[in-house]
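**Student:** This structure is in structure tokens; I'll ask about it shortly.
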Amino acid sequence: MSDRRTPPPPSIAGLGGRYGSALHDTTAAAVLGIALGVAFTICFATGLLSHWVQHPPSWFDWPSRPAGLYRVTQGLHVATGLASIPLLVAKLWVVAPSFWTKPAVRDVGHAVERTMLLPLVGGGAFLLVSGTFNTFQFYPWEFFFTRAHYGVAWVTMGGLLVHVAAKAASTRSVLGGRRRDDGGAASELAGEPVGELVGRPSRRDRRWFLGGVAAASGALTLATVGQTIRPLRAVSVLAPRDPAVGPQGIPINKTARAARVTPDLTGDAYRLRVTGRVGRPLELSLADLAGLPQRTATLPIACVEGWSASATWQGVPLRDLLFLADAAPGAEVHLDSLQTGGLYRRSVVSATHSADPDTLLALTLNGQALDPDHGYPVRLIGPNRPGVMQTKWVTEVQVR
Ligand SMILES: Nc1nc2c(c(=O)[nH]1)N[C@H]1C(S)=C(S)[C@@H](COP(=O)(O)O)O[C@H]1N2
Ligand SMILES: [Mo]
């Protein structure tokens, strides 16, 4: 009845479930698996990097150059995560028949392999959903997003590692087989069903299917990546942010109103204090700051949520202020905002970043005084920093 030659490797193939489509096969599973493995690895590496930048371990010193590096790594993080969504859905669909294989567990190795699918699939789905929600600043849950997203990423990558180890050999033979397939001789392992099927897919069907998945992934990327690649903003109809929309042509994440930074705090009473380990503490009005030598830099705001936008900023280099206050050159600095609550009212500027001449206490954006929502009267803007560390409404520079 069946003309199947060698049975497929049991690690990929299953024997259960009846599935109508012939596309549930080992070759599609292997190709999608590799694509997902690459996407998840880039996403994890860039995510881990972002975590270290914000919570640096003692051995980690994030450079201040190139100025746009974080913009690229975090843009990649969000883009590879979004591109993974169609890949994961397709992969789960392709291998679904193998979930119902009998016996459910053959031996200890198989039990481990199957158990580790739970963190891999569950964790992967959680990361993609919670990450996507975060880019829309939509938090319909109780947990703290960054901690949960970070913790689950490790669990998921553990699952991925086990999965790759378990599937490496069969994947290699499946894809090696495919190449021989192209040469004319039929492969033994490639294109084998992962369930009980009507027939084997033709190579043409599979190419259409995988091409369609790739197109969906590419389309989702194009539809969102304009939030950081500005020329694509017109086609990025699904992007949570348009990088050109906001006061002074730049998006905002928290308004002055939401941060409870009121005009009485930013008016004549405003002072910037330089305190801590300084020879000469300073207390400067906005006019004092404007009277100091100004420096201009074109730098992006690169939000962890994946949007970014470049602008021209002018202000007093932080290192000049440290010099004026008689602080040790290249000191670590803690910034405090006029904002009284919230997680991002403070930030740390590492010695490397405080020494960079383009790390500015900015007074202007694209030639105008800062909009209240962009941090009037004074905000930090520095090269190669995540948006959350570009503190707005700065009122204290504390030297450590
Ligand atoms: N005081 C304060 N500064 C802040 C924030 C904040 O919530 N409070 N948000 C940060 C985040 S998450 C980003 S992405 C940038 C955005 O800067 P913008 O609103 O000027 O575009 O500001 C940062 N500075
Ligand atoms: Mo942000």
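Condition check ((1) among the aliphatic types (A, V, I, L, M); (2) closer than 22 Å to Ala67 by Cβ) across all residues:
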{"residue": "Leu343", "(1), (2)": "yes, no"}
{"residue": "Thr352", "(1), (2)": "no, yes"}
{"residue": "Thr359", "(1), (2)": "no, yes"}
{"residue": "Thr364", "(1), (2)": "no, yes"}
{"residue": "Asp371", "(1), (2)": "no, no"}
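**Student:** Hey, another quick one. Would it be correct to say that Ala67 is under 22 Å from Leu128 (Cβ atoms) and of a type in the set (Gly, Ala, Ser)?
**Tutor:** No, not satisfied.
**Student:** Looking at the range 369-400, which of its residues are part of a strand (DSSP E or B) and within 13 Å of ligand 1 (Cβ to nearest atom)?
**Tutor:** Arg379, Leu380, Ile381, Pro386, Val394, Thr395, Glu396 - these are the residues of the range 369-400 that are part of a strand (DSSP E or B) and within 13 Å of ligand 1 (Cβ to nearest atom).
**Student:** Another one. In this structure, does Gly330 turn out to be in contact with a Ser or Thr (Cβ under 7 Å, 6 or more places away or on another chain) and within 16 Å of ligand 2 (Cβ to nearest atom)? Steps first, please.
**Tutor:** On the way: in contact with a Ser or Thr (Cβ under 7 Å, 6 or more places away or on another chain): yes; within 16 Å of ligand 2 (Cβ to nearest atom): no.
Against the criterion (in contact with a Ser or Thr (Cβ under 7 Å, 6 or more places away or on another chain) and within 16 Å of ligand 2 (Cβ to nearest atom)), Gly330 does not qualify.
**Student:** When you check Pro57 against the structure, is it farther than 27 Å from Arg172 by Cα, open to solvent by 50 Å² or more (accessible area, probe 1.4 Å) and either of a type outside the set (Lys, Arg) or within 17 Å of the chain's Cα centre (by Cα) (or both), yes or no?
**Tutor:** no
**Student:** Out of all the residues in the range 297-327, which are more than 16 Å from ligand 2 (Cβ to nearest atom), closer than 17 Å to Pro66 by Cα and open to solvent by 10 Å² or more (accessible area, probe 1.4 Å)?
**Tutor:** The answer is Thr298, Thr312.
**Student:** Could you please give the count of residues in the range 340-387 that are away from ligand 2 (no atom under 16 Å from the Cβ), among the charged types (D, E, K, R) and under 22 Å from Asp264 (Cβ atoms)?
**Tutor:** Number of matching residues: 1.
**Student:** A follow-up question, please. Within the range 225-267, can you find the residues that are over 20 Å from Leu380 (Cα atoms), more than 16 Å from ligand 2 (Cβ to nearest atom) and either touching a residue at least 24 places away in the same chain (Cβ under 8 Å) or open to solvent by 20 Å² or more (accessible area, probe 1.4 Å) (or both)?
**Tutor:** Selection gives Val225, Ile229, Arg230, Pro231, Leu232, Arg233, Ala234, Val235, Val237, Leu238, Ala244, Asp264.
**Student:** Related question: Confirm whether Gly306 is touching a Gly at 6+ places or on another chain (Cβ under 7 Å), on the phi > 0 side of the Ramachandran plot and within 16 Å of ligand 1 (Cβ to nearest atom).
**Tutor:** On the way: touching a Gly at 6+ places or on another chain (Cβ under 7 Å): yes; on the phi > 0 side of the Ramachandran plot: yes; within 16 Å of ligand 1 (Cβ to nearest atom): yes.
Considered against the rule, which asks whether it is touching a Gly at 6+ places or on another chain (Cβ under 7 Å), on the phi > 0 side of the Ramachandran plot and within 16 Å of ligand 1 (Cβ to nearest atom), Gly306 comes out as yes.
**Student:** Sticking with this structure for a sec: Return the only residue of Ser84, Ser98 being crowded, with 21+ Cβ neighbours inside 10 Å, in contact with a Cys (Cβ under 9 Å, 6 or more places away or on another chain), over 19 Å from Met389 (Cβ atoms) and polar (S, T, N, Q).
**Tutor:** Within the list Ser84, Ser98, the selection yields Ser84.
**Student:** So, of the residues in the range 103-122 that are of a type in the set (A, V, I, L, M) and part of a helix (DSSP H, G or I), which turns out to be most open to solvent (accessible area, probe 1.4 Å)?
**Tutor:** Looking at residues that are of a type in the set (A, V, I, L, M) and part of a helix (DSSP H, G or I), I get Leu118.
Residues are listed down the side, and each one gets a yes or a no for (1) within 18 Å of Val304 (Cα to Cα); (2) touching a Ser or Thr at 6+ places or on another chain (Cβ under 8 Å); (3) assigned to a helix (DSSP H, G or I):
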| residue | (1), (2), (3) |
| --- | --- |
| Arg71 | yes, yes, yes |
| Val78 | yes, yes, yes |
| Gly81 | yes, yes, yes |
| Ser98 | no, no, yes |
| Thr101 | no, no, no |
| Gly124 | no, yes, yes |
| Phe138 | yes, no, no |
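**Student:** Does the range 78-121 hold any residues that are among the basic types (Lys, Arg) and either without any contact (Cβ under 8 Å) to a residue 24 or more places away in the chain or closer than 18 Å to Gly158 by Cβ (or both), and which are they?
**Tutor:** Arg114
Rundown of residues vs (1) part of a loop (DSSP other than H, G, I, E, B); (2) over 21 Å from Ala287 (Cβ atoms); (3) more than 16 Å from ligand 1 (Cβ to nearest atom), yes/no style:
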| position | (1), (2), (3) |
| --- | --- |
| Asp320 | no, no, yes |
| Ala331 | yes, yes, yes |
| Thr340 | yes, yes, no |
| Thr352 | no, yes, yes |
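The values are calculated or read from the model by the stated rules, or taken from the named source; none is laboratory data. Remember, predicted model here, so these are calculated numbers, not experimental data. Backbone-built Cβ (ideal geometry, glycine too); neighbour counts: all protein chains shown. When the accessible area is computed, the model is the full protein with side chains, heavy atoms only, and any ligands, DNA or RNA have been set aside. Shrake-Rupley method; radii C 1.70, N 1.55, O 1.52, S 1.80 Å.
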